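Enquirer: Okay, here's the structure, questions in a sec.
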Amino acid sequence: QVQLVESGGDLVQPGGSLRLSCAVSGFRTNSYTIGWFRQAPGKEREGVSYISGGSSRTYYSDSVKGRFTISRANAGITVYLQMNSLKPEDSATYYCTARSGALFGRPTEAAFSSWGRGTQVTVSS
């Protein structure tokens with residue numbers, strides 16, 4: 001299965017920006033749906049975004065819509081999550097995830113077969 005390694009987590013000021021990267025290994029990575037989940041203390045694990053295999057259709061949760069952008073680069077070897085206008089409530093461990101084939105609708109953990117180890121994002125002054 002695909003291997004995922006996240007990077008880019010950092011401490012940033014509210015209102016600031018951060019770009020997370022997911023390094024994807026495996027054949028024909030553009031056929032995979034790559035998603036981002038996050039988990040913070042006291043909060044449920046939340047699927048915040050994905051870019052679907054094949055069509056590259058994107059999904060964003062209501063909490064990040066308009067602020068976050070997911071994209072592919074390097075023929076799918078890298079997937080970015082550009083995060084703008086960051087809020088303290090965005091603080092979480094962010095996980096890159098993957099599934100074979102397309103995905104529709106809201107993401108669920110069960111829909112993804114591969115998970116990265118996570119990268120920490122802290123939004124604080």
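Enquirer: Being closer than 20 Å to GLU44 by Cβ, β-branched (Val, Ile, Thr) and outside any loop (DSSP other than H, G, I, E, B) is the filter; apply it to segment 55-108 and report the residue that is least open to solvent (accessible area, probe 1.4 Å).
Expert: My answer is THR97.
Enquirer: So in segment 109-125, with the set limited to residues that are open to solvent by 70 Å² or more (accessible area, probe 1.4 Å) and not hydroxyl-bearing (Ser, Thr, Tyr), which one is nearest to GLY42 (Cα to Cα)?
Expert: Filtering first and then ranking leaves GLN120.
Enquirer: Looking only at residues in segment 77-99 that are of a type in the set (Gly, Ala, Ser) and in contact with a strand residue (DSSP E or B) (Cβ under 6 Å, 6 or more places away or on another chain), which one is farthest from THR33 (Cα to Cα)?
Expert: In this case the residue turns out to be SER91.
Enquirer: For GLY47, only one of the following conditions fails: (1) touching a Lys or Arg at 6+ places or on another chain (Cβ under 9 Å); (2) part of a loop (DSSP other than H, G, I, E, B); (3) at pLDDT 95 or above; (4) of a type in the set (Gly, Ala, Ser). What is its number?
Expert: Against the list (1) touching a Lys or Arg at 6+ places or on another chain (Cβ under 9 Å); (2) part of a loop (DSSP other than H, G, I, E, B); (3) at pLDDT 95 or above; (4) of a type in the set (Gly, Ala, Ser), GLY47 comes up short only on (2).
Enquirer: If you don't mind, there's one more thing I want to ask. If you scan segment 28-44, which residues turn out to be in a loop (DSSP other than H, G, I, E, B) and open to solvent by less than 70 Å² (accessible area, probe 1.4 Å)?
Expert: Listed by number, the list holds a single entry, ALA40.
Enquirer: Exactly one condition in (1) more than 14 Å from the chain's Cα centre (by Cα); (2) among the polar types (S, T, N, Q); (3) within 26 Å of PRO14 (Cα to Cα) is not met by SER55; state its number.
Expert: SER55 satisfies all of (1) more than 14 Å from the chain's Cα centre (by Cα); (2) among the polar types (S, T, N, Q); (3) within 26 Å of PRO14 (Cα to Cα) except (3).
Enquirer: For segment 10-21, what are the residues that are under 17 Å from GLU89 (Cα atoms), open to solvent by less than 30 Å² (accessible area, probe 1.4 Å) and of a type outside the set (A, V, I, L, M)?
Expert: Hit for segment 10-21 is GLY16, nothing else.
Enquirer: Please enumerate the residues belonging to segment 34-48 that are over 16 Å from VAL24 (Cα atoms) and touching a residue at least 12 places away in the same chain (Cβ under 8 Å).
Expert: Selection gives ARG38, GLN39, ALA40, LYS43, ARG45, GLU46, GLY47, VAL48.
The values are calculated or read from the model by the stated rules, or taken from the named source; none is laboratory data. Bear in mind the structure is a predicted one, so any value in this text is a computation, not a measurement. Virtual Cβ from ideal backbone geometry, glycine too; neighbours counted across all protein chains shown. Calculation scope for accessible area: heavy atoms of the full protein, side chains included, ligands and nucleic acids excluded. Shrake-Rupley method; radii C 1.70, N 1.55, O 1.52, S 1.80 Å.
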